[in-house]
Amino acid sequence: MAYQDAYRSWSADKEDSLPIFLRPWWLDAVCMPDHWDACLAYNKEQKIIGALPHYQFVKRGIRVTGMPFLTPYMGIHLQYPYGQKLNSRYDFEKSVLDQLISQLPHTPYLQQKFFPDLTYGLPFFWKGYRLDWRYTYHLSLRQTEQALWEQMEGSARTQLLKTLKLVTVTKSVMIPG
């Protein structure tokens, strides 16, 4: 695999910032070592500033780049420069994504479910990929339940209250079984 070794070396000191689904040991477990590789983007000093691991397999005789089992998200990990302003952040993302996209294997089908924090997919669109956006919401659990309710829109609160009548929510550290 072309860049797998470089990706392994780079990710070794990123245990705190690299999502579990992008870690080499996870990719080895769900993809097998021979079926995944990574695209890497470099800055002028030849340091890795972006990575896009990907899984390749054959389905019905067609080579596919897709999502491994048990992996809800894959995608891009960016190393933003320290203190970067928002307007230069988009330029940085475009530059890095262009590098990563150009290295993707040429397969008739590519499916990636990127992490929800990736909000800038235009470089994929500009390179001819079709984008299907799906939205998810993150709630910070570092605040009180009352603060969460107060920050929520009225219609969302109403929907949640209706849902709570249909389901049972229990707080437990034990898994029923």
### Summary
Fewest-first ordering of 74, 152, 67, 32 by Cβ atoms within 10 Å yields 32, 152, 67, 74
### Message
If you fit an axis through the alpha-carbon atoms of helix 154-166 and take the longest principal axis of the Cα set of the chain, what angle between them do you get, 0 to 90°, nearest 10?
### Response
80
### Query
In whole Hz, what ³J(HN,Hα) sequence does region 47-60 give by Karplus (6.51, -1.76, 1.60; θ = phi - 60°), x for Gly and Pro?
9, 6, 10, x, 9, 9, x, 8, 10, 10, 8, 10, 10, 6
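Quick one: net charge of residue 28's neighbours, Cβ under 15 Å, K/R +1, D/E -1? Spell out each step's value before the answer.
Values: positive: 8, 23; negative: 5, 34, 37.
Every neighbour counted, the sum reads -1.
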### Percent antiparallel among DSSP beta bridges (both partners in region 4-126, rounded to 5)
80
### Task
Would you look at the GNM of the chain, springs on alpha carbons closer than 10 Å, and say which of 58, 167, 96 moves the most?
167
### Query
Computed from these coordinates, which is Kirkwood radius over Cα pairs in Å: (1) 20.9; (2) 22.3; (3) 19.0?
(3)
### Query
If one computes the Cα centroid of region 5-61 and of region 75-140, what distance in Å separates the two points?
15
### Task
Would you check region 29-177 for Lys pairs whose C-alpha atoms are within less than 19 Å, ignoring same-chain pairs closer than 8 in sequence, and give me the count?
7
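Relative contact order, percent, of the chain when contacts are C-alpha pairs under 8 Å separated by at least 6 residues? Don't skip to the answer; put the middle values down first.
Details: 182 pairs, mean separation 28.6, N = 177.
Taking the mean separation of contacting Cα pairs over the length of the chain, I get 16 percent.
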### Query
Most fluctuating residue of 97, 161, 148 in a GNM of the chain with Cα springs under 10 Å: which is it?
161
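How large is the charge dipole for the chain, taken about the Cα centre, if only the Cβ atoms of Lys, Arg (+1) and Asp, Glu (-1) carry charge, to the nearest 20 debye?
Working: 20 positive and 16 negative charges, 112 e Å.
I would put it at about 540 debye.
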### Message
Output wanted: per-residue J couplings in Hz (rounded whole) for region 87-103, from phi through Karplus 6.51 cos²θ - 1.76 cosθ + 1.60, θ = phi - 60°, x for Gly and Pro.
### Response
5, 7, 5, 5, 4, 4, 4, 4, 4, 5, 4, 4, 4, 5, 4, 5, 9
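Bear in mind that the values in this text are calculations on the coordinates, not laboratory data. Treat the numbers as computed from the prediction; the structure is a model and nothing was measured. Counting neighbours? That spans all protein chains shown, and the Cβs are built from the backbone with ideal geometry, glycine included.
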